[in-house]
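These notes are about the structure you will find just below.
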Amino acid sequence: MWPDNRLTNLFNIQNPIIQAPMAGASGSAMAIATSKAGGLGSLPCAMLSIEKMHTEMSIIRQKTKAPMNVNFFVYDRPLINLEKDRIWLNHLSKYYTEFNLKVDNQHSKSRREPFNEAAFGFVDSFRPEVVSFHFGLPEANYLDRLKKLGCKIMSSATTVEEACWLEKNGCDVIIAQGFEAGGHRAMFLTNDINTQVGTMALLPQVVDAVSVPVIAAGGIADGRGIVAAFALGASGVQIGTPYLFTKEALISEIHLSQLKTSKDNDTAITNLFSGRPARGIINRLMKEVGPMSEFPSEFPTAGKALGPLKNKAEAQGNSDFSSLWSGQSAGLCKETHAEALTNSLATGALKRFKMITSN
């Protein structure tokens, strides 16, 4: 039924729709619901403890035997830089004063963990069909061991150069992440955010440059976007922002309310909330300090300094210091359930494919 079955055959799924693994915003419930509609559900592990990974994956395996994707971040653990942390806190001190908060000068820590031996042990326990990565790939030793477990490897590229690097280093599938996508940019061979490429320009160039299946990500929110992606050579799509509108999403009511009123030009790329570039809805902090700045602590520790400000502001009902991740397609999204959304995306695309082929 789909014009390209490489991805559905490789992952053994009905519909070539991947629910984006959104750390902190999605969990087992969304992955299960997506899989029930024939898509590939994803469990984001970047912000989970090993114990929580086991709990979430146990729930998934109890509810469904469908193929599943687990996602991890790849990065070098930052060196302790007390001076950098101090500069970032001092830069935020006026906001601490505004909210009558005490500036805490201790070293920043983060719940985020890169892929490591403990994470591999988790994968070994559950043998998920797909393991995906953000910000490149882990060491070759890990990839070899993951493939011996039978896992398919997937990672994101934001340039043709990154896509070619991923294929050369063992990726079975490449996600072409366009500039429109919400959340963290997957960029890992460049630090220049100004040269990032939009989905419709990036996708066909990646398809032409690699031999493995390519998934389109960024700005796709309905059947029209899926058809456009396939027309440019995609074998599937990865969709994030529309899933933030589902009942299974773990985002706050404040985040959801901002998404529901977000327009096409209400987001920007910022590094203020984690130390790495990510697309989110523009708020006070992004307007006054960024959206891009040289001051935040190294990824993934920058967010700790914002924690007290976020908590204080959200208690007053505002999102001035919250990371409101969103792509540029929020205006096309509606509240629903993840299973219904996945079905709607698939049927909407298939209906358009049928119309095209019958003319």
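The values are calculated or read from the model by the stated rules, or taken from the named source; none is laboratory data. The structure presented is a predicted model; accordingly, all values stated were derived computationally and were not measured. Reconstructed Cβ throughout: ideal geometry from the backbone, glycine too, with neighbour counts over all protein chains shown. Protein only, heavy atoms only, side chains kept; ligands, DNA and RNA dropped before computing areas. Shrake-Rupley method; radii C 1.70, N 1.55, O 1.52, S 1.80 Å.
Counting other Cβ atoms within 10 Å, which GluC sites (Glu not before Pro) in the range 311-359 have at most 16 and lie in a DSSP loop?
Glu335
Here the range 160-199 and the range 298-315 have alpha carbon centers that stand 27 Å from each other. Hydrodynamic estimate: the Kirkwood radius of the range 302-359 over Cα pairs, inserted into Stokes-Einstein at 25 °C and 0.890 mPa s, corresponds to D of 163 µm²/s.
Between Thr195 and Asp144, residue separation times 0.36 nm minus the direct Cα-Cα distance comes to 15.1 nm.
Both radii come from the Cα set of the range 53-206: Rg as radius of gyration, Rh as Kirkwood radius; their ratio Rg/Rh reads 1.05.
May I ask you to give the percent of accessible area on the chain that is carbon plus sulfur, with a probe radius of 1.4 Å? Don't skip to the answer; put the middle values down first.
Details: 7620 of 15480 Å².
Here carbon and sulfur together make up 49 percent of the probe-accessible area.
Assuming 1.002 mPa s and 20 °C, estimate D for the range 166-248 with Stokes-Einstein, Rh taken as the Kirkwood radius over Cα pairs, in µm²/s. The partial results should precede the final answer.
Working: Rh = 13.3 Å.
Approximately 161 µm²/s, per Stokes-Einstein.
For the pairs Lys52/Lys247; Lys263/Lys354; Lys63/Lys304, note any where the Cα-Cα span goes beyond 26 Å.
Values: Lys52/Lys247 21 Å; Lys263/Lys354 31 Å; Lys63/Lys304 35 Å.
Where the Cα-Cα span goes over 26 Å, the pairs concerned are Lys263/Lys354; Lys63/Lys304.
Placing Ser344, Ser293 in order of accessible area, with the largest value first and a 1.4 Å probe, yields Ser344, Ser293.
Whole Å is fine, so just give me how far the alpha carbon centre of the range 36-65 lies from that of the range 80-99. Using only Cα atoms, the two centres lie 36 Å from each other. Annotation note: GluC sites (Glu not before Pro) in the range 130-174 located in DSSP loop regions with a Cβ neighbour count of at most 16 within 10 Å are Glu139. In this simple spin-label model, placing a label point 7 Å from the Cα along the Cα-to-Cβ direction at both Phe295 and Ile254 gives a separation of 2.0 nm.
When only C-alpha pairs under 8 Å and at least 6 residues apart count, what is the relative contact order of the chain, in percent?
After rounding, I find 19 percent.
Counted by Cβ distance under 15 Å from Asn169, the other residues give a net charge of -2, where Lys and Arg count +1 and Asp and Glu count -1.
Charge tally for Pro3 (other residues, Cβ to Cβ under 13 Å; Lys, Arg +1; Asp, Glu -1): +2. Placing one identical point scatterer on every Cα of the range 1-75 and ignoring solvent, what is log10 I(q)/I(0) from the Debye formula at q = 0.12, 0.14 Å⁻¹? With one equal scatterer per Cα and no solvent, log10 I(q)/I(0) is -0.32, -0.43.
Find the accessible area per residue for the chain; the probe is 1.4 Å, ligands and nucleic acids are left out, and the unit is Å².
Values: 15480 Å² over 359 residues.
Heavy-atom accessible area per residue stands at 43 Å².
The fraction of all Cα pairs in the chain landing in successive 20 Å bins from 0 to the largest distance is 31, 60, 10, 0, given as whole percents. Think of it as helices only: each DSSP H run of n ≥ 4 in the chain is worth -39500 (n - 2.57), and spread over all residues that comes to -12000 deg cm²/dmol at 222 nm. Among the trypsin sites (Lys or Arg not before Pro) found in the range 43-94, those both in a DSSP coil and sparsely packed, with 16 or fewer other Cβ atoms within 10 Å of their Cβ, are Lys65. Of the residues Phe295, Phe135, ranked by 1.4 Å probe accessible area with the largest first, the sequence reads Phe295, Phe135.
What Kirkwood hydrodynamic radius, in Å, does the range 206-315 give when the mean of 1/r is taken over all pairs of distinct Cα atoms and then inverted?
On the way: mean 1/r = 0.0613 Å⁻¹.
About 16.3 Å for the range 206-315.
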